[in-house]
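Let me begin by presenting the structure, written as structure tokens, before commenting on it.
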Amino acid sequence: MLFLPEQRKAHLLSRIAQYGELTTKSQFGGVSLMIDDVMFAITSDNEFYLKGSGFLETLYKATKMSSYTYLKKGIPIILRYYHITDSLWKHQQKLDQYIDMSYHYSIQEYLGQRKKPCRIKDLPNLGVMLEKRLNQIGINQVEELRLIGAKACYLKLMHSHNLRNSELLLSLAGAIVGCHRSVLPNQLKMELLDWYNELSFQ
């Protein structure tokens, strides 16, 4: 059973029905929502949280959505699931867009994990030369690249190899998300370019 008020539960179930059959599981102190074994949301204590897969984590943080935290043996664990506020519930068009994006990016993340590239050079936009440069600054594994993030990797490359161009930043972000830089989500692309422009004036 979903831990949500009836009206919100009805809207959520109606929206999710287009994806497939919803399954739930008691998890992380609440109830996880899954389609075809792909988890993309959590409900707990009458609140709803969407998974921040790929660039969505940046988007959700930028919009001041708080992370889901649960206690594991008394220790707080912060998850990549972000709280849907009352104002978002009232803005149903935006809420539906967020639900759609969380579901689709969760699917992409799930499929990407099943086909994890063994080497950095195998990621979109990257190659042997950039792999070598990343290795030289201590980034040797795909997971290290994802953990550090596009901005920090770009700064390291800029300082060590004097590489300064927005295409490199977008290429790193695309590699982490799993797509070519030309098809990065506009929200992510604009956020990165704004950051790059601010950096250039420093």
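Rule-based calculations on the coordinates, nothing more; no lab input. Just so it is clear, the model here is predicted, and its values are computed rather than measured. Cβ coordinates were reconstructed from backbone atoms using ideal geometry, including for glycine residues, and neighbour counts include every protein chain displayed.
Odds and ends about this structure:
- Counting only trypsin sites (Lys or Arg not before Pro) that DSSP places in a loop and that have at most 11 other Cβ atoms within 10 Å, the longest clean stretch of the chain runs over 116-202.
- Stokes-Einstein D in µm²/s, Kirkwood radius over Cα pairs - the stretch 98-185 at 4 °C with 1.567 mPa s viscosity: 97 µm²/s
- Under 28 Å from the Cα of LYS61 - lysines, other chains or at least 8 residues apart: LYS9, LYS25, LYS51, LYS72, LYS73, LYS90, LYS94, LYS115, LYS116, LYS151, LYS156, LYS189
- Axis of helix 6-16 versus longest Cα principal axis of the chain: the two differ by about 50°, to the nearest ten degrees.
- Relative contact order for the stretch 1-75, counting Cα pairs under 8 Å that sit 6 or more residues apart, in percent: 24 percent
- On Cα atoms only, tilt of 166-177 relative to the major axis of the chain in degrees: 40 degrees
- In degrees, nearest ten, helix 92-114 long axis to first principal axis of the chain (Cα): 60 degrees
- Residue range of the chain that is longest and free of chymotrypsin sites (Phe, Trp or Tyr not before Pro) which are both DSSP loop and sparsely packed (at most 16 other C-beta within 10 Å): 20-200
- Selection of GluC sites (Glu not before Pro), the stretch 20-90, meeting DSSP coil and at most 11 other Cβ within 10 Å: GLU21
- When shorter helices are ignored and each DSSP H run of at least 4 residues is given -39500 (n - 2.57), the per-residue value for the chain at 222 nm works out to -15000 deg cm²/dmol.
- Spacing of the two label points (7 Å from each Cα toward its C-beta) at MET158 and SER66, in nm: 3.3 nm
- Computed over the stretch 1-89, Kirkwood Rh from alpha-carbon pairs, angstrom: 13.5 Å
- Extent of the chain along its three principal axes (Cα atoms, max minus min coordinate, largest first): 56, 37, 35 Å.
- Computed from label points 7 Å out along Cα-Cβ, the spacing between HIS91 and HIS180 is 3.3 nm.
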